[in-house]
Amino acid sequence: MCNSKFTEEEITGEITKKILGIKKDIKDNPSKPLYSYSNEIFLIFETICNYGLSKRVKSDLENFIFDELIDCSTKYIKIGEFYDTEKILEDLIMVSSTWDKMHDSERIHKGELFFYLGIYSLIKGNTDKCYLSIYQSYQEDRQLFNALWPKTYSSKFLLGQDENQVYDKLVKKRKEILINSLKNYREEQIGIKFAYSSLKRIIKKIDPHITIYFYYGISKLSSLDDIKRFLNNNEFINQINLNVISIFCTCFEFLLKKYYPATEEKLYSNVIEFFKYHQQEGLKMVRDYKKILGEKNKIGELKFIDNVMNKNTIGLNSYNPICKDVIVIHQLRNLAAHEIVFDTVIENNIQEIYQSFFNVFFFICQKRVDK
C-alpha cells in the first residue's frame with residue numbers, strides 16, 4: 001500500500017483514507033458482512049506493523065481503525081438491532097485474531113473490541129457473554145499496559161468501580177441492589193454505620209478475583225429479577241435461584257477460609273472460627289451451633305432452611321441475627337452443591353436468602369477485612 005520512503009504522516013493519511021472508504025462502503029451496503037473486508041484490513045495491519053511506525057503512532061492507528069469501524073454499528077444501536085452491532089464487533093475480532101495467528105511477533109490490541117462486545121451483551125441481558133468478553137478485554141489491557149489492574153474500562157467494570165459514563169447506566173441495577181441490601185443490613189445491625197462509599201473502599205482490599213465473581217453474581221441476580229417479572233408459579237426458578245445462590249456461597253466460603261482459617265480440618269471448622277472471632281459482637285453460639293444443626297438431621301435440609309428463615313428454630317432467636325444468616329448460607333452451600341431443587345421453599349424465601357448473604361458479606365467486610 002505504501003513504501004518505506006513515505007513518512008509517518010503520509011502512511012497515516014493513506015490508512016485513514018482507506019479506513020474511511022471501508023466505513024462508507026459498509027454504510028452503503030449494510031447487508032455486506034464486515035468480514036468480507038478482511039483482505040483490505042489485513043493489508044492495513046501489515047502496513048502498520050511493517051513500516052517502522054513508532055509505538056504511539058501504531059497504537060493511535062489501531063484505535064482509529066476500531067473506533068471508525070465500531071461507529072458503523074451505531075445505526076443498529078439506535079433502532080435496537082443489537083445482533084448487527086455484535087456481528088460487527090465479532091467480525092473485527094475475527095479479522096484481527098486471524099491476523100495475529102499469522103504474525104507471531106506482532107499483536108493487535110483488541111481490548112476495546114472485547115469491552116464493547118461485553119457492553120452490548122449486557123444490554124441484551126447475556127451476563128455470561130458480557131463477563132467473558134470484558135474479562136478478555138481486561139487480559140488484552142493487562143498485556144498492553146504490563147500492569148495487573150490497568151486503569152481501563154474493563155478493570156473498572158470488573159472491580160465494581162461503576163461511576164463511569166461508558167457503562168454507568170447499564171450497571172445501575174447492580175449498584176441499587178448493593179445500596180438497598182446495605183440499608184437492610186444497617187436496620188438489622190442496629191447502631192451500625194456503614195456507607196456505600198465505605199463498602200466500595202473495603203471491597204478493594206479483598207482478592208480481586210473474588211471481587212469479580214461477587215459482582216458477576218450480582219449481575220446474574222439482576223438479570224434473573226428482570227426475567228422473573230413475567231413468570232407465574234414457575235417451579236424451575238427455584239433451581240435457577242439456587243445456581244445464583246451458589247456463586248454467593250462460593251464467595252462466602254472464600255471469605256471464611258481467608259479471614260477465619262481453621263487450625264484443623266473438621267466439619268464446620270471455619271464457621272466455628274467465625275463465631276469464636278466475633279464473640280464480642282454477640283455471636284456467642286460456638287457451643288450451640290452443632291446442636292441447632294441437629295434439627296436439620298431430623299427434618300431435612302429444605303425444611304430446616306425454611307424454619308431458620310421464618311425464625312422457627314428453637315434457640316436461634318436469642319442470638320445476633322447474623323448467626324441466622326451464617327447458618328442459612330452455609331446450609332445452602334451444601335444444598336447447591338449436591339441437590340437439584342424445584343421446591344418452592346427457595347423462591348418463597350428468596351429475598352431473605354439473598355439478604356442473608358449480603359448481611360454476612362457486609363459484616364465480614366466491616367468487622368474483619370477493614371481491620
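No value in this document is a laboratory result; all are computed from the given coordinates. The structure presented is a predicted model; accordingly, all values stated were derived computationally and were not measured. Counting neighbours? That spans all protein chains shown, and the Cβs are built from the backbone with ideal geometry, glycine included.
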Top-ranked residue of the range 93-129 - restricted to ones that are of a type in the set (Asp, Glu) and in contact (Cβ under 8 Å) with a residue 24 or more places away in the chain, ranked as surrounded by the fewest Cβ atoms within 10 Å (Cβ to Cβ): GLU106
Single residue of PHE363, PHE304, PHE358 found to be in contact with a Lys or Arg (Cβ under 6 Å, 6 or more places away or on another chain) and buried (at least 18 other Cβ atoms within 10 Å of the Cβ): PHE304
Residue count, the range 21-35 (criterion: within 25 Å of VAL57 (Cα to Cα) and out of contact with any Asp or Glu (no Cβ under 7 Å at 6 or more places or on another chain)): 2
Of residues in the range 220-258 being of a type in the set (Asp, Glu) and part of a helix (DSSP H, G or I), the one farthest from ASN349 (Cα to Cα): GLU253
Pick from the range 192-212, criterion in a helix (DSSP H, G or I) and of a type in the set (D, E, K, R), ranking: nearest to the chain's Cα centre (by Cα): LYS200
Of residues in the range 197-246 being within 24 Å of LEU148 (Cα to Cα) and of a type in the set (Ser, Thr, Tyr), the one surrounded by the most Cβ atoms within 10 Å (Cβ to Cβ): SER219
